[in-house]
Every structure is written in structure tokens, then in C-alpha cells.
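Written below as C-alpha cells is the structure these notes are about.
What follows draws every value from the coordinates through simple rules; no lab data is involved. Worth saying up front: this structure is predicted, and the values here are computed from it rather than measured. Positions of Cβ are backbone-derived with ideal geometry, glycine not excepted, and every protein chain shown enters the neighbour counts.
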Amino acid sequence: MLLIGSHVGFKKDSQLLGSLQEALSYGANTFMFYTGAPQNTMRYKIDNNLTKEALALMEKEHLDYSKVIVHAPYIVNLANSDNIDKYNFAINFIKSEVKRCEELGIKYMVLHPGSHVGCGIEEGINNIINGLNKVLGDTSVTILLETMAGKGSEVGSKLEEIQKIINGVSDKDHIGVCLDTCHLNDAGYDIENFDKFLENFDTLIGIDKIKCIHINDSKNEKSSHKDRHENIGFGHIGFDTLINIIYNEKLESIPKILETPYVDREYPPYKYEIEMIKEKKFDNNLLEKIKSQ
Ligand code: FE
Ligand code: FE
Ligand code: ZN
């Protein structure tokens, strides 16, 4: 069965229940959320009553909570330790975010590996490994390293870098990968021939490590190293290639998460994109349709 959803909000007063209701309003059967704003590390206390209500509603809707994803905020950086206070803050914050996942009963947390900001790729990778080894070990949460576009000094735009990080992590059962189609394209991977990409991935890392896929089109060409997401079918990856990835048999049980931009920064596209993906037919007028609803 296709597992498709999008990233959704997580608000102070509605929390997991609000996130779930937003996902359901898009016709999604899975979702991803940040436990607060993605750009900052301010977090509120988890309200267990709201979590309970959400779990009951998921059961009623037959939504598989074991595959719902949390995304760590993207401002914490494990790849650079030049400022040791900042580095330790990042480790401690990710630790607390993992705790929040446990409190919520979440199994998977996506993490950007980070940017080495000048210390070099090898040292960057070592910093990430050291940080992850301080977070993992006694948690039930699996951290999913996201494949990156290679913007600036980002680590993780090459599968070999992700491979090295995983090799250095002690708790192998709690480390995995989240693919992002826009990032793969911008990093220079040929995802038009996705089976071949998966073969390469399997040799380097193991296909069983993939636990989540971000489905985004890209505003830029292959190898652009830009990381700007586009609506499904309206970018340089294109509808057919994305459909081919979404419906790949080897990844059938893996949740597919849309992180495409709001139309005119105002209208969430997810309900319409999910419908179009289910119909497997590209609608050239989709963005106009979204704006007029
Ligand atoms: Fe991400
Ligand atoms: Fe992503
Ligand atoms: Zn991105």
C-alpha cells in the first residue's frame, strides 16, 4: 500500500492531534512533523492527553503510527566542533529531541548531517560520528541521516559520506537514511534511472537502511547544489521520474513525504499533489487549481 503524506505543523495547543488532523485533511495516510519551529530550538512540553487523543484517532483511521516521522530542526550542526560550546549544545539538543520522540512514541527522526564550515569533510564526518555516538546507545529512536544537496559545506551529498558516518556509528540498529529526491538531483545523482541508483545505494549502504523518502521536485538542474524544492511535476526532475520513485516496488513499505512549497507562499499544495500522485496523471493546471480553492 502506498504510504503518502507531507510535513505538517505542530502547534503548542494542538500538538500531535493537530498534526494528525492536518495530515488527514490532505488525504494523507502518513506524515512528518517538527516538534516545534524547524528554524529554532524552542520547544514546549508534550501534552500526554493530546498524544492519547491523537493515538485513538489514528487507530480509528487505520494510520500506522510506527512509520510517522519527526524531523530535527535544521539549525543544529553536528559537523563542526570549532566552537565546542555550540557543538555540545547541538549534541544535547538532539538528545533532548530524541527524548521528545520517545515521549511521543515516535520511532524515526530525520537529521541533516550538518555543514563542516571549513574544517574539512573528513573532520566533519568525524564530528558527526562522535556526536551521534553520544546520542545513540540507549534509545529506541532511529536517527535517519538525510541525503543533502551539497549546498555550501554540507556533509552527506555523497552516498560515500553517509556510508562513512554509518560505519563509524556504534549502535548500527538505530541509524538509517532518509532520501530526498530534490537533494539527490541537486547533488548530481541520476534518479531518472532509479533502479540503478538503488543498486548503487545497496552496494554502498544497504537498501534496508532507507526508512523514509522526501518527495520533492527541484527548481534547479542536476548537480546545481542549490536545494530549492518545487511542486511535484513543475521542476527539473519531472512527474514521471517522481512517480517511478514513489511506486518503486522495493520501497513500497517506506513512507513518502512531500516537502513542496506552498503556492504563492499561502496555499498548501499537499491535498492536490497527493490526489495527483494517486491518479498517476500530471495536471498542468494544478497550481492554478490550488490557488482558486
Ligand atoms: Fe530535511
Ligand atoms: Fe528533505
Ligand atoms: Zn531541501
Sorted largest first, the C-alpha extents of the range 123-195 along its principal axes in whole angstrom are 39, 26, 15
Tell me, in nm to one decimal, what length is gained between S96 and E122 on full extension, where the rule is 0.36 nm per residue of separation less the Cα-Cα distance?
-> 6.7 nm
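What's the local net charge at D195, with K and R +1, D and E -1, over the other residues with C-beta under 13 Å away? Walk me through the numbers before you get to the answer.
Details: positive: K196, K250; negative: D190, E192, E199, D202, E249.
With Lys, Arg at +1 and Asp, Glu at -1, the neighbours total -3.
Among I4, I215, I91, which comes first, then next, by fewest other beta-carbon atoms within 10 Å?
Working: I4 22, I215 26, I91 19.
So the ranking, lowest neighbour count to highest, is I91, I4, I215.
Please work out how much length the chain gains when fully extended from A37 to M1, using 0.36 nm per residue of separation minus the C-alpha to C-alpha distance, in nm with one decimal.
Details: separation 36, 0.36 × 36 = 12.96 nm, distance 3.10 nm.
Difference between extended and current length: 9.9 nm.
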Based on the alpha carbon coordinates of the chain, what radius of gyration and maximum Cα-Cα distance (Dmax) apply, in Å?
-> 18.2, 52
Sorting Y87, Y262 on the 10 Å Cβ count, fewest up front, what's the list?
-> Y262, Y87
The range 224-293 versus the range 85-138: alpha-carbon centroid distance in Å = 30
Which length gain, in nm to one decimal place, applies between N48 and I84 when the Cα-Cα distance is subtracted from 0.36 nm times their residue separation?
-> 9.5 nm
Taking the radius of gyration and the Kirkwood hydrodynamic radius from Cα positions alone, what is the Rg/Rh ratio for the range 239-293, to two decimal places?
-> 1.00
Within a Cβ distance under 14 Å of V155, other residues only, what is the Lys/Arg minus Asp/Glu net charge?
-> -4
Amide H to amide H under 5 Å from I4: which residues, 5+ apart in sequence or cross-chain, H placed 1.01 Å off N in plane?
-> N29, T30, K256
Long pairs among K12/K67; K222/K278; K11/K280; K196/K226; K256/K278, criterion Cα-Cα beyond 21 Å = K12/K67; K222/K278; K11/K280; K196/K226
